[in-house]
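Comments concern the structure below.
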């Protein structure tokens, strides 16, 4: 297991990351309730091909946090790590981390190729106002629990939104991995913030001009297809498989000429 290191962001926040492997630089950005350890199995598949920077977003894992939060500060965190890498990077974002990765690419950070895995957006359509209102309500409920210090409750509420039974959620939070999930729940409002209004950000996506692969399962194909179409050099690939199937897809895409 790679030793954790830190890089200092513009506002002085120390951002943790684990560096391993050899080859071109590849940064991994995780999703809600996750820190870099969640991605260790994937990293082990990638390190023969890349120098992997497996980061903890601010408020997650071993990274620090500094108030007030802003999405711009998270982009600065990523830029600090890119500067540390000393070269333009490939970038993999998972779930809410894919929304941050998309914003970073649109902001013009030194990224050569981009993978957005399981982007948790809602497709645009006839009921955008209702969908964004529902997202805002969910955001407010999560923020209220986090503000009160009820991290377990916020994690429970978040996980329940995926349709998991209460018993399954409780078992998950009571597991050894659940300790980390509850700890990372303090940053759930950040995950909602990077998603904007929760709808596919077509105007933002249109500003991403690098080769981009959107990976999604069948159940979110409509929103992911909409996202891929909005990116000038984007494409969609359906993938609903374990880590050992994901890694070859990433290696192939990131090494394309």
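Entry remark, the range 99-134: residues being in contact with a strand residue (DSSP E or B) (Cβ under 7 Å, 6 or more places away or on another chain) and over 20 Å from residue 214 (Cα atoms) number 3 in total. Among the residues of the range 135-148, at least one is at pLDDT 95 or above and touching a strand residue (DSSP E or B) at 6+ places or on another chain (Cβ under 9 Å). Within 19 Å of residue 71 (Cβ to Cβ), in a loop (DSSP other than H, G, I, E, B) and either out of contact with any helix residue (DSSP H, G or I) (no Cβ under 9 Å at 6 or more places or on another chain) or assigned by TED's automatic domain parsing to the domain that holds residue 41 (or both) - does that describe any residue in the range 156-163? Looking through the range 156-163, none of the residues is within 19 Å of residue 71 (Cβ to Cβ), in a loop (DSSP other than H, G, I, E, B) and either out of contact with any helix residue (DSSP H, G or I) (no Cβ under 9 Å at 6 or more places or on another chain) or assigned by TED's automatic domain parsing to the domain that holds residue 41 (or both).
Of the numbered criteria (1) in a loop (DSSP other than H, G, I, E, B); (2) outside the structural domain of residue 76 (by TED's automatic domain parsing), the one residue 178 fails is (1). Against the criterion of being more than 21 Å from residue 64 (Cα to Cα), modelled with pLDDT of 95 or more and within 18 Å of the chain's Cα centre (by Cα), residue 201 qualifies. Within the range 26-50, which residues are surrounded by fewer than 23 Cβ atoms within 10 Å (Cβ to Cβ), touching a helix residue (DSSP H, G or I) at 6+ places or on another chain (Cβ under 8 Å) and closer than 14 Å to residue 250 by Cβ? Residues satisfying the conditions are 41, 42, 45, 49.
Being over 30 Å from residue 155 (Cβ atoms) and assigned to a loop (DSSP other than H, G, I, E, B), is that true of even one residue in the range 185-198? Scanning the range 185-198 turns up no residue that is over 30 Å from residue 155 (Cβ atoms) and assigned to a loop (DSSP other than H, G, I, E, B).
Each row is one residue, and each column tells you yes or no for (1) under 25 Å from residue 159 (Cα atoms); (2) touching a residue at least 40 places away in the same chain (Cβ under 8 Å); (3) within 18 Å of the chain's Cα centre (by Cα).
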{"residue": "3", "(1), (2), (3)": "no, no, no"}
{"residue": "7", "(1), (2), (3)": "no, yes, no"}
{"residue": "13", "(1), (2), (3)": "no, yes, no"}
{"residue": "24", "(1), (2), (3)": "no, yes, no"}
{"residue": "27", "(1), (2), (3)": "no, yes, yes"}
{"residue": "34", "(1), (2), (3)": "yes, yes, yes"}
{"residue": "47", "(1), (2), (3)": "no, no, no"}
{"residue": "60", "(1), (2), (3)": "yes, yes, yes"}
{"residue": "63", "(1), (2), (3)": "yes, yes, yes"}
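In this structure, residue 204 does satisfy being in the same structural domain as residue 116 (by TED's automatic domain parsing) and out of contact with any strand residue (DSSP E or B) (no Cβ under 8 Å at 6 or more places or on another chain). The set of residues in the range 207-233 that are assigned to a loop (DSSP other than H, G, I, E, B), in contact with a strand residue (DSSP E or B) (Cβ under 6 Å, 6 or more places away or on another chain) and surrounded by 24 or more Cβ atoms within 10 Å (Cβ to Cβ) contains only 231. Name the residue that is surrounded by the fewest Cβ atoms within 10 Å (Cβ to Cβ), counting only residues in the range 234-249 that are in contact with a strand residue (DSSP E or B) (Cβ under 9 Å, 6 or more places away or on another chain) and more than 21 Å from residue 112 (Cα to Cα). That would be 240. Only one of the numbered conditions (1) at pLDDT 95 or above; (2) under 16 Å from residue 94 (Cα atoms) is not met by residue 230, and that is (2). Regarding the range 61-84, can at least one residue be identified that is more than 20 Å from residue 189 (Cβ to Cβ), in contact with a helix residue (DSSP H, G or I) (Cβ under 7 Å, 6 or more places away or on another chain), modelled with pLDDT of 95 or more and part of a loop (DSSP other than H, G, I, E, B)? No, every residue in the range 61-84 fails to be more than 20 Å from residue 189 (Cβ to Cβ), in contact with a helix residue (DSSP H, G or I) (Cβ under 7 Å, 6 or more places away or on another chain), modelled with pLDDT of 95 or more and part of a loop (DSSP other than H, G, I, E, B).
The values are calculated or read from the model by the stated rules, or taken from the named source; none is laboratory data. Everything numeric here is computed off the predicted structure, so don't read it as measured data. Virtual Cβ from ideal backbone geometry, glycine too; neighbours counted across all protein chains shown.
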